[in-house]
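Working notes, beginning with the structure itself.
The values are calculated or read from the model by the stated rules, or taken from the named source; none is laboratory data. These numbers were taken from a predicted model, which means no experiment stands behind them. Methodologically, a virtual Cβ is constructed for each residue, glycine included, from the backbone with ideal geometry; neighbour enumeration extends over all protein chains shown. Areas reflect the complete protein model, heavy atoms only, side chains present, ligands, DNA and RNA absent. Shrake-Rupley method; radii C 1.70, N 1.55, O 1.52, S 1.80 Å.
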Amino acid sequence: QLCVFVHGNRKSSEDVIQQYAEVDRLFFNAAGAGSLGVCVAFDWATNDRESIFALKATYQDNINRIPAAAALMAPWLEHVRASADLAGVTLSVLAHSLGNRLVLATLARLQQADLAFPFVDHCIVNAADVPSTLFASDDGAMLRRSCAAITVVWSQEDLTLKSAQLSGTVPDFGARLGRHGPAAGSVLTGVSVKELTGTLCHPQDVHSGL
C-alpha cells in the first residue's frame, strides 16, 4: 500500500518529521513484521505558538487554514492516487486529530472532480478532532462515498480532545469523534469502530491514538 499521513494541530515542520518517522518505523518498517508498503506525509504548516496563553488563538488559526490547505492537498493527492494505481497498490490515509478535518475538506473538493470513487481504499480516522455526529451528517456520507473502508479509533481518555471541546472555537463542533466515538444515529456502513484502551494506546500520549 501507499499510505498518506496527515498530521494534526500545532505541529512545526520538525514535529511532523518526527511523527512521520515514528509512524514509518512502527507500521512500515517494523522489525520482524516486514514493510506494510510506503508511507508519505502531507505537512500543512500548522502554526505552533509557544505561549500557553495563545493555545486557543493558535487552534482557531489552524482551523482557519484548512480551506487553503485543502486546495493544495487535493491536486497533490490526485498525483499520489495515480502513483498508487501505477504501482498496482492500494491508497490509504492515516489522519490524526485536526488533520481529519483537512482530509474531509480535501475529499469534498475531489468529489467535485471527474474522478473514480471510492478514491481512497482505506481511511484511518485517528483521534479525530471532528464532530461525533460526523457519520450522521452529509460530511460523513461524503467520506463513506470517498473511501472503500474507514476505521475510526477513539478513546474516552483523550484529554486533548476534551480541551478542544471546551475551547469555544468557531464553528463549535461539540463532542469530538475521537473522544466519544460515533454519536447515536450514525450511519456506519463500511465503517469499523474501535475504542482504544490500555496497551492499544500510545504509551506517552493517549491523544496520539494508534
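Just one of (1) over 25 Å from Tyr59 (Cβ atoms); (2) open to solvent by less than 60 Å² (accessible area, probe 1.4 Å); (3) small (Gly, Ala, Ser) trips up Gly140, so point out which.
Status for Gly140: all satisfied but (1).
Grab the helices (runs of 4 or more DSSP H) fully contained in the range 12-100, keeping just those with 3 or more residues being open to solvent by less than 10 Å² (accessible area, probe 1.4 Å) and modelled with pLDDT of 95 or more.
Helices (runs of 4 or more DSSP H) meeting the threshold: 66-87.
Anything in the range 177-201 that is in a loop (DSSP other than H, G, I, E, B), at pLDDT 85 or above and surrounded by 11 or more Cβ atoms within 10 Å (Cβ to Cβ)? List them, or say none.
So in the range 177-201, the residues in a loop (DSSP other than H, G, I, E, B) come out as 181-190, 196-197, 201.
Still in the list and also at pLDDT 85 or above: 181-190.
Those that are in a loop (DSSP other than H, G, I, E, B), at pLDDT 85 or above and surrounded by 11 or more Cβ atoms within 10 Å (Cβ to Cβ): Gly181, Pro182, Ala183, Ser186, Val187, Leu188, Gly190.
So which pairs qualify, if the first residue must be in the range 65-77 and without any contact (Cβ under 8 Å) to a residue 24 or more places away in the chain, the second must be buried (at least 16 other Cβ atoms within 10 Å of the Cβ) and among the β-branched types (Val, Ile, Thr), the Cβ gap must be under 8 Å, and the two must be at least 6 apart or on different chains?
Once the first residue is without any contact (Cβ under 8 Å) to a residue 24 or more places away in the chain and sits in the range 65-77, its partners that are buried (at least 16 other Cβ atoms within 10 Å of the Cβ) and among the β-branched types (Val, Ile, Thr) give Arg65/Thr46.
Mind listing whichever residues of the range 117-137 are in contact (Cβ under 8 Å) with a residue 12 or more places away in the chain, open to solvent by less than 50 Å² (accessible area, probe 1.4 Å) and polar (S, T, N, Q)?
Passing the criteria: Asn126, Ser132.
Go through the residues of the range 122-144 one by one and say whether even a single one is of a type in the set (S, T, N, Q) and part of a strand (DSSP E or B). Talk me through it step by step, then tell me what you get.
Start the filter on the range 122-144 by keeping residues that are of a type in the set (S, T, N, Q), which leaves 126, 132-133, 137.
In the following step, the residues that additionally are part of a strand (DSSP E or B) were identified as 126.
The answer is yes; a qualifying residue exists.
Could we say that Leu107 is touching a residue at least 60 places away in the same chain (Cβ under 8 Å), open to solvent by less than 60 Å² (accessible area, probe 1.4 Å) and in contact with a helix residue (DSSP H, G or I) (Cβ under 7 Å, 6 or more places away or on another chain) here? Full working, then the answer.
Working: touching a residue at least 60 places away in the same chain (Cβ under 8 Å): no; open to solvent by less than 60 Å² (accessible area, probe 1.4 Å): yes; in contact with a helix residue (DSSP H, G or I) (Cβ under 7 Å, 6 or more places away or on another chain): yes.
Judged against the criteria, Leu107 is not a match.
Out of the residues in the range 63-100 meeting the condition of being in contact with a helix residue (DSSP H, G or I) (Cβ under 6 Å, 6 or more places away or on another chain) and among the small types (Gly, Ala, Ser), tell me which one is nearest to Glu22 (Cα to Cα).
Once the filter is applied, the top-ranked residue is Ala95.
Just give me the residues in the range 145-176 being assigned to a helix (DSSP H, G or I) and of a type outside the set (D, E, K, R), in sequence order.
Residues of the range 145-176 that are assigned to a helix (DSSP H, G or I), as a first pass: 145-146, 159-165.
Answer for the range 145-176, where residues must be assigned to a helix (DSSP H, G or I) and of a type outside the set (D, E, K, R): Ser146, Leu159, Thr160, Leu161, Ser163, Ala164, Gln165.
From Asp114, Asp158, grab the single residue that is among the acidic types (Asp, Glu) and open to solvent by 20 Å² or more (accessible area, probe 1.4 Å). Can you show your working first?
Values: Asp158 fails: open to solvent by 20 Å² or more (accessible area, probe 1.4 Å).
Going through Asp114, Asp158 in turn, the sole match is Asp114.
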